Amino acid sequence: MNERVYNHHADKLRAPERIERLQVSKVVETCLSNNKIKSLLDVGIGSGLFAEAFFQRGIKVAGVDLNPAMIEEAKKYLPNSLLKVSKAEKLPFSDSSFDAVFFGVVLHEVDDFIKSLEEAKRVCRSKVFILEWKYKSEDFGPPIEHRFKPEFLGELSSKAGFKECKEINMDNLVLYELTK
């Protein structure tokens, strides 16, 4: 099993201190500001924490996750959304199916960063958002060796064919906005 993949209980994903640390509302508002987003794919949906927040703001959401148990957990919060078991490297959707794609603290867990971003670019019409932990050792989140240096995400986005990679610093995280 990939040591970078989250393999704990889903209830930890919705712990109040984690929700606060991830600044869920602020992240969602930042993604939606100045962007015409009506539909969004959440890659690595987990318990549906971010997808639910997007949905509550009127966005049609869909989600994928490697773990079937996470898909079942997300269905509790998004019973009418399209949720599928899938790898980020092979998304089961047609080209330009969504206005945007969102990776919420999960890109560091995929097997192939470039392929995952190419797939996200393929299924989105305009934007890909990547929320990741800051590149520093902390008492929470993944170990430093699983975190991205900011310039690394810029290089990845360029290799995957994106025109722009904008970096938005949050308290504990960095939100990257990739433009097709």
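Worth a mention:
- Selected residue (only one of Ser126, Ser116 is among the hydroxyl-bearing types (Ser, Thr, Tyr), touching a helix residue (DSSP H, G or I) at 6+ places or on another chain (Cβ under 8 Å) and under 20 Å from Pro92 (Cα atoms)): Ser116
- Residues of segment 46-62 satisfying the condition of being of a type outside the set (D, E, K, R) and touching a Phe, Trp or Tyr at 6+ places or on another chain (Cβ under 9 Å): Gly46, Ser47, Gly48, Leu49, Phe50, Ala51, Phe54, Phe55, Val61, Ala62
- Qualifying residue in segment 69-78 (condition: farther than 18 Å from Gly46 by Cα and buried (at least 18 other Cβ atoms within 10 Å of the Cβ)): no
- Condition check for Ile114: surrounded by fewer than 21 Cβ atoms within 10 Å (Cβ to Cβ), in contact with a Ser or Thr (Cβ under 9 Å, 6 or more places away or on another chain) and not small (Gly, Ala, Ser): no
- Residues located in segment 13-50, provided they are among the polar types (S, T, N, Q) and either assigned to a helix (DSSP H, G or I) or buried (at least 19 other Cβ atoms within 10 Å of the Cβ) (or both): Ser25, Thr30, Ser47
- Taken across segment 80-93, residues that are out of contact with any Gly (no Cβ under 6 Å at 6 or more places or on another chain), without any contact (Cβ under 8 Å) to a residue 24 or more places away in the chain, crowded, with 16+ Cβ neighbours inside 10 Å and closer than 25 Å to Val61 by Cα do occur, with at least one present.
None of the figures in this text is laboratory data; all of them are computed from the coordinates on show. Keep in mind that what you see is a predicted model, and the values were worked out from it rather than measured. Every residue, glycine as well, gets a Cβ built from its backbone with ideal geometry; the counts of neighbours run over all protein chains shown.
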